[in-house]
Amino acid sequence: MSEMVEGAIQRKTRRRRTFAIVGALAALGVGLTASLAAWTDNEWVFGQAQNGDGLGPISTSTFEVQQNTGTDGAWTDRESEDDPGSITFTADTGALAPGSTAYASVALQTTSDSIAGDVTLGAAEEHDTSSDPDGLLFNALQLQVVTSSAEFTCNKAALTSTTTTSIVSGALAGPGATASQHLEAASGSTQYYCFAITLPADFTPATGYTEQDYMGLGVEPEWEFTSVSSAS
């Protein structure tokens, strides 16, 4: 066999082998221009909060308001309508009569670990109606509430003082306050309230009743302070 013929046979054999390899790669889904696989790297993070001098969970804050009625000299929680704090009213004349006024006070502040908040006084309700079953006296009384962030004596002078703010003035059975008072965080401020209940000298008995029907009656009004937390 001539060298020319032998060379042609060898070239055909190499081409068939090349085509066979290409066909096999194509069958496996491998392209001739395939690149090398990419490197991968993952990063994870998790959240914490600055808690004092260290780090810890991102936690909810605490909001808690306490009252001091002056009865026991302590700050306490009285959050149930069934177990309210007791404020003691002192009547000018020793017993409420037409034209006299009784006074009582209470103070509010946040606890040492609480954030700040705003407090609004609600309308008066009757805690116990056994001494005034028809609501005669409750509906005849007038109420004024004054407040200040500075401590003051709860008496007649406080009702017209330039250092106090009147937040309720009208019928005891009327609406509550429309303005709220701010309490700083962590017991940073105290809000003082003075309640004044008056039986007007010229009150008009309810239809079908006389002034004598009001003698010997008694009321136990109660109020709710609604507190809402704030950012500062």
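The values are calculated or read from the model by the stated rules, or taken from the named source; none is laboratory data. Keep in mind that what you see is a predicted model, and the values were worked out from it rather than measured. So basically every Cβ, Gly included, is an ideal-geometry build from the backbone, and we count neighbours across all protein chains shown.
Only one residue in A177, A158, A185 is over 29 Å from the mean Cα position of the chain (by Cα) and either of a type in the set (G, A, S) or more than 23 Å from S80 (Cβ to Cβ) (or both). Which one?
None of the other options fit; the residue is A158.
List, please: which pairs have Cβ atoms under 7 Å, are six or more places apart or on different chains, and start with a residue in the stretch 23-51 that is at positive phi and of a type outside the set (D, E, K, R) and end with one that is part of a loop (DSSP other than H, G, I, E, B) and modelled with pLDDT of 55 or more?
Listed pairs, sorted by first residue: none to list.
Name the pairs: first residue in the stretch 136-160 and over 20 Å from A107 (Cβ atoms), second residue among the acidic types (D, E) and assigned to a loop (DSSP other than H, G, I, E, B), Cβ to Cβ under 7 Å, at least 6 apart or on different chains?
So the pair list comes out as F138/D132.
Okay, residues lined up against (1) β-branched (V, I, T); (2) surrounded by 15 or more Cβ atoms within 10 Å (Cβ to Cβ):
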{"position": "L121", "(1), (2)": "no, yes"}
{"position": "L136", "(1), (2)": "no, yes"}
{"position": "A150", "(1), (2)": "no, no"}
{"position": "S161", "(1), (2)": "no, yes"}
{"position": "T164", "(1), (2)": "yes, yes"}
{"position": "T178", "(1), (2)": "yes, no"}
{"position": "G216", "(1), (2)": "no, no"}
{"position": "W223", "(1), (2)": "no, yes"}
